[in-house]
Amino acid sequence: MKERLLALVAVLLFLSCARLPTIVPVTGADPCGPIEGCRRIFPTGKWQLLHSIEADLPGGRRSVMMGLTVLSSRLRSNRSVIMSLEGFVVFDGEVNQGLKVHRALPPFDSPSFAEGLMEDIRLIFFKPEGATAECGKLMDGSTVCRYINPDGGFVDMVLRSTGTCESRRYDREQRPIRIVRVPADARTGDGMPQTIELTAQGEQTYKLVMTLLEAVPLDP
């Protein structure tokens, strides 16, 4: 009997965690106004960004890489290159009216890796493109603005009381699959984050900590 009760509690906890958190409506002309500061963490225009990337991978593996990203916020396009610390390219792909992979060495050579990487890049560097579903407060008092993704999922932009900004992505079944976190003290005066944390949940779990080394504005 005790084992059945514990199993039931575990199932209920799983189902509660798998759903979108409830948003409590708030009064005011612009309930998502406080989120504007979080929107400024997304680069505007065309940029070349160089990051060092510390990756915590499944099985307790850890890796340190370099990531070079050229992006356009207007076109929502990007070219992303992953390199070893010595500068050896292990992955080179781009999204510009479709996904194209120029180079991919094991273990970065699977189609699912390329698609997942580009989805992560969009979540990290581009503002949500879906329609706004609702704005308000979470149960812990954080401000949230929810967007409906074109794929049927959702993205919550969350401003915590600490000033930390989060982009939380959910799939069609409302399960959390990605969390991008930018601490308040990681943002510079121009809004460009110096540190970005991405946590992947689901079948493939990993964590990336990206440290900005160089940000170069490019001609439109």
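The values are calculated or read from the model by the stated rules, or taken from the named source; none is laboratory data. Because the structure is a prediction, the values reported are computed rather than measured. Backbone-built Cβ (ideal geometry, glycine too); neighbour counts: all protein chains shown. The accessibility values were calculated without ligands, DNA or RNA, using every heavy atom of the protein model including side chains. Shrake-Rupley method; radii C 1.70, N 1.55, O 1.52, S 1.80 Å.
Computed quantities for the displayed model
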| quantity | calculated |
| --- | --- |
| Accessible carbon and sulfur surface of the chain relative to its total accessible area, %, 1.4 Å | 56 percent |
| Total lysine pairs whose alpha carbons fall under 27 Å of each other in the chain (8 or more apart, or interchain) | 8 |
| Accessible area expressed per residue, the chain, with surrounding protein chains retained (probe 1.4 Å, Å²) | 57 Å² |
| From the coordinates shown, mean projected area of the Cα convex hull in nm² corresponds to which of [x] 16.0; [y] 14.8; [z] 17.0 | [y] |
| Dipole of the chain, positive end: most advanced residue of Leu198, Gly141, Ser161 [Cβ charges, Cα centre] | Gly141 |
| Point-charge dipole on Cβ atoms (K/R +1, D/E -1) for the chain, about Cα centre, debye to 20 | 360 debye |
| Net charge dipole size for the range 92-220 [Lys, Arg +1 and Asp, Glu -1 on Cβ; Debye, nearest 20] | 340 debye |
| Dipole of the chain, positive end: most advanced residue of Thr69, Phe113, Val26 [Cβ charges, Cα centre] | Val26 |
| Separation of alpha-carbon centers, the range 38-56 and the range 93-157, rounded to whole Å | 14 Å |
| With at most 14 other Cβ atoms within 10 Å, longest stretch of the chain clear of loop GluC sites (Glu not before Pro) (DSSP) | 1-85 |
| Helix-derived mean residue ellipticity, 222 nm - over the chain, DSSP H n ≥ 4, -39500 (n - 2.57), to 500 | -5000 deg cm²/dmol |
| Relative contact order (%) - criterion: Cα under 8 Å, at least six apart; region: the chain | 22 percent |
